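Trainee: Take a look at the following structure, please.
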Amino acid sequence: MQNAQFLDVTAAALVPGPLAPQQVDPALIGYFQSQLEGHYRADMLLGPHDLIGTLGPQYQLIDKLTRSATGETRRGLLRVGAAYAALVGWLYQDAGDVSAAAFWRGITQEIALRARDPHLIGYAMVNSAQVRTDLGDGAGVVDLCEAALDDPSAVVPKVHVMAMQQQAHGASLLRDRAEVDRLIGEAERLLPRVDDDLPWGNACRRTPGYLEVQRATCYGRLGLGAEASNLWTQVLAVVPATARRDRGVYMARHATAAATAREPEQAVEIARDVAVIAVETGSARMRRELATLERAMRPWQDAPVGRDLAEALAPVTEGS
């Protein structure tokens, strides 16, 4: 990352002080919390680039208020600030900037520790594990997820579910299908117990087929093309069209699974729709999934179906 880019990424989190003190109304905690759900919905509809510029200044304001607040108001602002930092980290990760994502995941951990909130600390560990997943570091993913559950009685079921599904991704990177199935199975048994009112980390409740998405992704990573393809068909039947970015990512993974299952024509048919969504959303995750599809389709690169794929993905590759 170039120096100017690094300063842009870190500016909202590293404002030098001291800042002028001010009165902080506790009602501001609820205000910032109420904004979170709208940001999560907008992320599904817009993708990362339009939201990064909105979330950074909001986080900066929360940080400024935290420096003046005291007592429970301060702790409440720290908790909501950690949730905002986590979302900024996710946006950078979706935009393909792993360095920026890792920085904001680190900020999330710092604020969670300052808030002394075990649920948020566990959540922050899982967030960092997501970055390690993108880096292909299976052992690192497992380490962080196990740390998140170091004291299982201290965290709500939602953190358990998040940690176990992410650890399953680590297990898939380590080529351990049995562990993938065990972890996803445990998460499935816990999912009905997720009933907290915490404003962050609610994808497990909000995302249709949440755990089947994780299982299908892990199976695809393990090269289980037919099984992954069948799961993606089930998942995509329940994911709403409004979740455009997520649908695009899932469809790209479905296409790769089809190619792995030696169904190249089906893979190309799916890829045509994904290319349109990838251009519209600017999701680097989707582009990365399409690059994985291209590798899976190499056996047919000189065949007509291979040329069809190149034509279908041309709008994406030209815009890279």
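The values are calculated or read from the model by the stated rules, or taken from the named source; none is laboratory data. Here the structure is a predicted model, which means the values were calculated and not measured. Note that we place each Cβ from the backbone using ideal geometry, even for glycine, and neighbour counts take in every protein chain shown. Areas reflect the complete protein model, heavy atoms only, side chains present, ligands, DNA and RNA absent. Shrake-Rupley method; radii C 1.70, N 1.55, O 1.52, S 1.80 Å.
Trainee: Probe of 1.4 angstrom, ligands and nucleic acids ignored: what's the accessible area per residue over segment 5-54, in square angstrom?
Mentor: For segment 5-54, the per-residue accessible area is 60 Å².
Trainee: Where does each of 18-27, 290-299 land if you order them by average Cβ count within 10 Å, highest first?
Mentor: 290-299, 18-27
Trainee: Taking θ as phi - 60°, what are the ³J(HN,Hα) couplings along segment 208-225 by the Karplus curve (6.51, -1.76, 1.60), each to the nearest whole Hz, with x for Gly and Pro?
Mentor: x, x, 3, 6, 5, 4, 5, 5, 4, 5, 5, 4, x, 5, 7, x, 8, x
Trainee: What does the accessible area per residue of segment 125-252 come to in Å², with a 1.4 Å probe and no ligands, DNA or RNA counted?
Mentor: 40
Trainee: Let me ask something else about it. To the nearest 10 degrees, how steeply does helix 49-68 sit against the main Cα axis of the chain, on a 0 to 90 scale?
Mentor: That helix lies at roughly 20 degrees to the long axis.
Trainee: While we're looking at this one, here's another question. Choose one of 309, 78, 164: the residue whose Cα lies farthest towards the positive end of the charge dipole of the chain (beta-carbon charges +1 Lys, Arg; -1 Asp, Glu; about the Cα centre).
Mentor: Going by the charge dipole, the pick is 78.
Trainee: While we're here: Which of 241, 144, 19 sits farthest toward the positive end of the charge dipole of the chain, with +1 on the Cβ of Lys and Arg and -1 on the Cβ of Asp and Glu?
Mentor: Positive-most Cα among the choices belongs to 19.
Trainee: Using only C-alpha atoms and all pairs of different ones, pull out the Kirkwood radius for segment 24-73 in Å with one decimal.
Mentor: Computed over segment 24-73, the radius equals 12.0 Å.
Trainee: How many percent of the alpha carbon pairs in segment 1-143 exceed a separation of 28 Å?
Mentor: 16
Trainee: Tell me, what is the FRET efficiency for residue 14 and residue 50 to the nearest 0.05, using R0 = 22 angstrom and their Cβ-Cβ distance as r?
Mentor: It comes to 0.40.
Trainee: Of the accessible area of the chain, with the probe set at 1.4 angstrom, what percent is carbon plus sulfur?
Mentor: So the carbon and sulfur contribution to the accessible surface is 52 percent.
Trainee: Which angle from 0 to 90°, rounded to the nearest 10, does the C-alpha axis of helix 157-173 make with the longest principal axis of the chain?
Mentor: Around 40 degrees separate the two axes.
Trainee: Starting with the highest mean, order 205-216, 301-312 by the number of other Cβ atoms within 10 Å, averaged over the residues of each peptide.
Mentor: Listed from highest to lowest mean packing, they are 205-216, 301-312.
Trainee: What does the highest-first list of 66-74, 237-245, 271-279 look like by mean Cβ count within 10 Å?
Mentor: Descending packing order for the listed peptides: 271-279, 66-74, 237-245.
Trainee: Would you mind computing Rg(Cα) / (2.2 N^0.38 Å) for the chain, counting N as its residues?
Mentor: Relative to the 2.2 N^0.38 Å estimate, the chain comes out at 1.03.
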